1. Among TYR100, TYR61, rank each residue by its count of other Cβ atoms within 10 Å, from fewest to most, as a rough exposure measure.
2. Would you mind calculating the relative contact order of segment 2-167 from Cα pairs under 8 angstrom and at least 6 residues apart, reporting the percent as a whole number?
3. Of LEU58, LEU68, GLN170, whose Cα points farthest to the positive end of the dipole of the chain (charges on the beta-carbon: +1 Lys, Arg; -1 Asp, Glu; origin at the Cα centre)?
4. Gain in length, ARG88 to ARG180, computed as 0.36 nm per residue apart minus the alpha-carbon separation, to one decimal in nm?
5. Within segment 1-108, list the trypsin sites (Lys or Arg not before Pro) lying in a DSSP loop whose Cβ has at most 13 other Cβ atoms in a 10 Å radius.
6. Quote to one decimal, in nm, the extra length available between ARG168 and MET1 on full extension: 0.36 nm per residue of separation minus the C-alpha distance between them.
7. Could you identify which residue out of THR109, THR146, THR19 has the top mean-square fluctuation in a GNM of the chain using Cα springs shorter than 10 Å?
8. Considering only DSSP beta bridges with both partners in the chain, what is the antiparallel share in %, to the nearest 5?
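Coordinate-derived values only; no laboratory data. In this text the structure is predicted, and so the values were computed from the model without any measurement. Reconstructed Cβ throughout: ideal geometry from the backbone, glycine too, with neighbour counts over all protein chains shown.
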Amino acid sequence: MHLNVYLLHFPVRTLGPGTRTGLWLQGCGRRCPGCIAPDSWDFVPESAVLVDDIIERLKNYLHEANGLTISGGEPFDQPEALFELLRRAKGLGVNDVLVYSGFRADELTESHPKFWTDKLIDALVDGPFELGNPTGSTWKGSENQTFTLWNESLAPRYSLWMQEAARRLQWVRDFKSGRRYLVGIPRQGDTPRLRLWIPHS
């Protein structure tokens with residue numbers, strides 16, 4: 001089983017509380033106007049990665065990472081492989097999974113209930129990005145987006161994260177390709193200058 005992957009990186013300190021592993025999936029059918037990651041829209045055949053290989057990478061970070069954030073692209077455009085990945089990640093002891101999705105929480109819990117009945121997702125930032133609907137919240141891109149926490153044991157750390165006053169952005173490097181990326185959620189007014197993904201040689 002494969003997932004189309006845009007980037008897998010550790011450490012990530014800008015998308016969720018603590019020091020996390022970040023997994024961005026390749027492919028999105030929603031294609032929100034003004035999206036800050038349009039290069040993650042297309043389903044690129046060469047981006048397919050075995051779930052087995054992703055799990056092996058995650059194992060390398062278990063002793064340091066205190067969470068896993070999954071974004072995209074649109075994670076739920078690959079639901080079967082995503083389910084398998086999260087099922088196995090939970091089996092490794094990953095107890096904080098945060099997912100960013102352009103679908104609403106009620107849509108996802110209705111169309112993909114097994115993610116929640118099996119307790120594979122601990123927290124969700126949901127809803128399409130809306131250009132022209134800016135937000136003062138540091139953890140989302142537009143005001144319409146919402147946060148849901150299902151794992152109440154994580155409430156203290158998520159509460160602190162959501163109260164952060166300053167937006168944080170982080171340069172990361174994909175050591176396989178040598179490309180660099182800017183990870184985080186800029187203000188809408190900054191997007192023309194600082195898109196979420198800015199590759200550099």
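1. TYR61, TYR100
2. Numbers: 314 pairs, mean separation 34.4, N = 166.
Taking the mean separation of contacting Cα pairs over the length of segment 2-167, I get 21 percent.
3. GLN170
4. Length gained, ARG88 through ARG180: 30.3 nm.
5. In loop regions of segment 1-108 (DSSP not H, G, I, E or B), the sparsely surrounded trypsin sites (Lys or Arg not before Pro) are ARG31.
6. Working: separation 167, 0.36 × 167 = 60.12 nm, distance 3.43 nm.
Between ARG168 and MET1, full extension yields 56.7 nm more.
7. Highest fluctuation among the options: THR109.
8. Numbers: 18 of 29 bridges.
Of the beta bridges lying entirely in the chain, close to 60 percent run antiparallel.
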